[in-house]
Amino acid sequence: MTDAPKADLHEGFRDPLRAGSAALTGFLDGVDRLPGVRAIHRAMRRSLGIRPGMRVLDAGCGIGLEVARLARRYPDARFTGLDKNPDLLDTARQRAVPSPPNLSWLHAALETSELEEGSYDAVRTERVLMYAPHPLFGELLDLLVRLVRPGGRLVLFELDYGATMLSAGRDDDALVRPLDDLLERALPQPLAGRKIPLELAARGMAEVAAVPYSFSVNEPVWRGIVHDTLLLALEREPGRHEELRSWLEAQAAGAHDSPFLAAFTGVLTTARRPDGA
Ligand SMILES: C[S@@+](CC[C@H](N)C(=O)[O-])C[C@H]1O[C@@H](n2cnc3c(N)ncnc32)[C@H](O)[C@@H]1O
C-alpha cells in the first residue's frame, strides 16, 4: 500500500500552506487536459459572451490556464486572474509568457480582495466555491453578485459530489457507497453545484440557467483526487475500514488498465445581474 499524503488536494486548494504547489499544479494541468473539461470550457466561453472592451474576472484561476487562453483569444477584452495561492499564481505568471497585454494577475482571497462593486462585465469561477464552508459560501456568492455590473454575467461551474460515480469494481456495490460518502466529506461544500442556481435567484439575479455536465477522469487524475483523498481519509480513522482499504488497493493496482475509474458531475450556472440592480 502506498503511503497516504499528509494533506489531500482539496485541503491544498483550501489552504495554500497545506500542500506543495507541485502536486496542485500537476493535478490542475491533468484536469485541464480532460476532454470533458475542455467541453465545459467551451460552454463557459459561450456563456461569457465576450465582446471587445469587456472586463472579465476569473476568480480562483489557479495556474491561469483558461484565463490566459481567453486573453489570447479575445485581445480586445481585458482579463484578470485572481487567486489566493501565491505559488499557483506565480506559475500562472510564468506560464503566460509572453504575457498578453490584456491580462493581469491579482493575488488575493476573493473575500478580502476589496474589489469595487460593478468592476466587471463578466465573472467566472471554476471549481472554487466548493472550497468555501458556511458562511463563507454565501458571502462569496454575495460578493460575486456585487462584483459584476448591472447587466453583466456570472458564469460559475462548480462540482457536485453528490453526483459522483466511482467504479464499483466487480460485485462490490456495498463498498462503493461508503467510499462515495468519504469522498463527499472531504469537501466543505460538496453540493455546491446543485445549490448555486437557487442561491443566485434568491440574490435577485435574472435569467438563471443551470446545466449539468459530467466528465470521466483518467488514471493520474483519479489517483490524485480519488485514491489519495480516500487513502488519507481512511488513514485518519485507523482500525476501521480495512475492507475499504483493501478494495482501494485493488483498484489502484488495476487502475492503469481500467476502462472506467470515476466520473464527476458539476453544474454550469449562468445568470445576469438585472439592469439598474
Ligand atoms: C480546484 S482549483 C481550480 C483552479 C482553476 N479555476 C481551474 O479550473 O483550473 C481551486 C482554486 O481556487 C482557489 N481558491 C479557493 N478559494 C479561494 C478564495 N476564497 N479566493 C481566491 N481563490 C480561491 C485555490 O487557490 C485554487 O487555485
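Observations
- Against the list (1) among the basic types (Lys, Arg); (2) without any contact (Cβ under 8 Å) to a residue 12 or more places away in the chain; (3) not in a helix (DSSP H, G or I), the condition residue 51 fails is (2).
- Identity of the residue in the range 61-97, among the polar types (S, T, N, Q) and more than 9 Å from the ligand (Cβ to nearest atom), that ends up farthest from residue 26 (Cα to Cα): 80
- Of the residues making up the range 78-121, those that are over 13 Å from residue 144 (Cα atoms), in contact with a helix residue (DSSP H, G or I) (Cβ under 8 Å, 6 or more places away or on another chain) and of a type in the set (Gly, Ala, Ser) are 81, 92, 96, 99.
- Output for the range 65-87, where each listed residue is without any contact (Cβ under 8 Å) to a residue 60 or more places away in the chain, under 17 Å from the mean Cα position of the chain (by Cα) and within 12 Å of residue 124 (Cα to Cα): 67, 81, 82
- The residue pairs whose first member lies in the range 249-266 and is touching a residue at least 12 places away in the same chain (Cβ under 8 Å), whose second member is in a helix (DSSP H, G or I) and of a type in the set (Lys, Arg), and whose beta carbons are closer than 8 Å, counting only pairs six or more residues apart or on different chains, are 252/223; 255/223.
- Of all residues in the range 122-143, exactly one satisfies the criterion of being more than 8 Å from the ligand (Cβ to nearest atom), in contact (Cβ under 8 Å) with a residue 60 or more places away in the chain and either out of contact with any helix residue (DSSP H, G or I) (no Cβ under 9 Å at 6 or more places or on another chain) or on the phi > 0 side of the Ramachandran plot (or both), namely 142.
- Search result, residues across the range 200-222 that are assigned to a helix (DSSP H, G or I) and crowded, with 21+ Cβ neighbours inside 10 Å: 200, 221, 222
- Neighbours by Cβ (under 6 Å, 6+ apart or cross-chain): first from the range 11-33, within 25 Å of residue 69 (Cα to Cα); second in a loop (DSSP other than H, G, I, E, B): 12/18; 12/19; 16/85; 25/63; 28/62; 28/63
- Residue match in the range 5-18 (condition: within 24 Å of residue 218 (Cβ to Cβ), more than 13 Å from the ligand (Cβ to nearest atom) and out of contact with any Pro (no Cβ under 8 Å at 6 or more places or on another chain)): yes
- Between 58, 32, the distinction of being surrounded by fewer than 19 Cβ atoms within 10 Å (Cβ to Cβ) and within 12 Å of the ligand (Cβ to nearest atom) belongs to 32 only.
- Cβ-Cβ under 6 Å pairs, at least 6 apart or on other chains, the range 152-180 side under 18 Å from residue 47 (Cα atoms), far side surrounded by fewer than 19 Cβ atoms within 10 Å (Cβ to Cβ) and of a type in the set (S, T, N, Q): none
Quick note: the coordinates plus some simple rules give every number you see, no bench work behind them. Only a predicted model underlies this, so the values are computations on that prediction, with no experimental measurement involved. In this analysis, Cβ positions are derived from the backbone assuming ideal geometry, glycine residues included, and neighbour counts consider all displayed protein chains.
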